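The values are calculated or read from the model by the stated rules, or taken from the named source; none is laboratory data. Source: prediction; values computed, not measured. Backbone-built Cβ (ideal geometry, glycine too); neighbour counts: all protein chains shown. Side chains included, ligands, DNA and RNA excluded: accessible areas come from the protein's heavy atoms. Shrake-Rupley method; radii C 1.70, N 1.55, O 1.52, S 1.80 Å.
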Amino acid sequence: DQTICSNNTVVLNGQIPSGSGTGIWTTSGTGTFTPNNTTLNATYTPSSADITNGSVSLILTSTGNGVCPADADTVLIIISPLAVVNAGPSQTVCANNVQAVLAGTISGVTSTGQWSTSGTGTFAPNNTTLNSTYTPSPGDITSGSVTLTLTSTANGVCPAVTDTMTIIITPEPVVTAGPDQTICSTSPAQLNGNVTGGSTTGQWSSSGTGTFAPNNTTLNATYTASAADITAGSVTLTLQATNIGTCSPVNDV
């Protein structure tokens, strides 16, 4: 009897040492014999149905028996399925929020696997946990992406199977609200905000109750202090990056 992987064929070694020395192979399944079923050392290729069933019996029966009855012997072929490995979808993370939660799955002959990386980041709690968290290293962040590979383990007679996913690392936004200003109560403040890196857009907010013109999403807007702002004597304006994707918020005052 033999145990094979579903991607393999069976090399037979039938023997009929007496009588005519000839025989014929038959199968309980629907696979094929190569070069034919009368070759004692033929190769048997399991069918999809054989693989689904998980086993198949092959029977060698003597032929050319003359006045003697035919004799037969059976070999059982147990078929192990290949592992099915899915590393999960690729992800995009930000340089200031870089942890990627993985979602690997493995089924078939095994349910265990091991992660590896093209970079130098770390897996937590370890690289044998399918839903590990991967933290890119500074080198990964500089590269802008890293490829993770999930490989099946404990495969038995089957070869290991792999699948990959990519983590794309976008730069974090860099926000500059501009220098502090001293203005006259009757004059608006001309702002000069700047957003670069992972975003080029931002939104102004005020600790007071003044107004932005033409609006608070214009980086070089003007700010007109309210009566309450003037009474308070100062106001703090904050510029926060918008359209930041997976990045943590970034602002400047």
Consider Glu172 against the criteria (1) open to solvent by 50 Å² or more (accessible area, probe 1.4 Å); (2) out of contact with any strand residue (DSSP E or B) (no Cβ under 6 Å at 6 or more places or on another chain); (3) closer than 22 Å to Thr246 by Cα: it satisfies all of them except one. Which criterion is unmet?
(2)
Read through the list (1) at pLDDT 95 or above; (2) on the phi < 0 side of the Ramachandran plot, then give the number of the only condition that Gly88 fails.
(2)
Yes/no for Leu76 being loosely packed, with under 13 Cβ neighbours inside 10 Å, among the hydrophobic types (A, V, I, L, M, F, W, C) and in contact with a strand residue (DSSP E or B) (Cβ under 9 Å, 6 or more places away or on another chain)
yes
Across the range 220-236, which residue is nearest to Val253 (Cα to Cα) among those that are out of contact with any Asp or Glu (no Cβ under 8 Å at 6 or more places or on another chain) and in a loop (DSSP other than H, G, I, E, B)?
Thr236
Out of the residues in the range 161-172 that are in a loop (DSSP other than H, G, I, E, B) and either at pLDDT 95 or above or among the charged types (D, E, K, R) (or both), which is nearest to Gly104 (Cα to Cα)?
Val161
State whether the residues of the range 105-115 include one that is in contact (Cβ under 8 Å) with a residue 60 or more places away in the chain, more than 14 Å from the chain's Cα centre (by Cα) and surrounded by 14 or more Cβ atoms within 10 Å (Cβ to Cβ).
yes
Search the range 139-153 for residues that are acidic (Asp, Glu) and pair each with any residue that is in a strand (DSSP E or B) and surrounded by 21 or more Cβ atoms within 10 Å (Cβ to Cβ) when their beta-carbon atoms are under 6 Å apart and the residues are at least 6 apart or on different chains.
Asp140/Val146
Failed item in (1) hydroxyl-bearing (Ser, Thr, Tyr); (2) over 30 Å from Thr170 (Cβ atoms); (3) not in a loop (DSSP other than H, G, I, E, B), with Ser205 passing the rest:
(2)
Among the candidates Thr246, Thr217, which residue alone is modelled with pLDDT under 95, under 21 Å from Val174 (Cβ atoms) and either basic (Lys, Arg) or assigned to a loop (DSSP other than H, G, I, E, B) (or both)?
Thr246
The one condition Ala95 fails out of (1) touching a helix residue (DSSP H, G or I) at 6+ places or on another chain (Cβ under 9 Å); (2) surrounded by fewer than 12 Cβ atoms within 10 Å (Cβ to Cβ) is (2)
Say whether the condition of being of a type in the set (A, V, I, L, M, F, W, C) and over 30 Å from Thr110 (Cβ atoms) is met by at least one residue in the range 149-160.
no
With the checklist (1) of a type in the set (Val, Ile, Thr); (2) within 17 Å of Pro188 (Cα to Cα); (3) out of contact with any Phe, Trp or Tyr (no Cβ under 9 Å at 6 or more places or on another chain) in hand, flag the one item Thr222 doesn't pass.
(3)
Looking only at the range 239-246, decide whether some residue is in contact with a Pro (Cβ under 7 Å, 6 or more places away or on another chain) and open to solvent by 70 Å² or more (accessible area, probe 1.4 Å).
yes
The range 1-37, residues that are over 27 Å from Leu82 (Cβ atoms), polar (S, T, N, Q) and open to solvent by 80 Å² or more (accessible area, probe 1.4 Å)
Gln15, Ser18
Could you count how many residues in the range 134-150 are assigned to a strand (DSSP E or B) and surrounded by fewer than 21 Cβ atoms within 10 Å (Cβ to Cβ)?
4
Yes or no: the range 48-64 includes at least one residue that is open to solvent by 50 Å² or more (accessible area, probe 1.4 Å), part of a loop (DSSP other than H, G, I, E, B) and touching a residue at least 40 places away in the same chain (Cβ under 8 Å).
yes
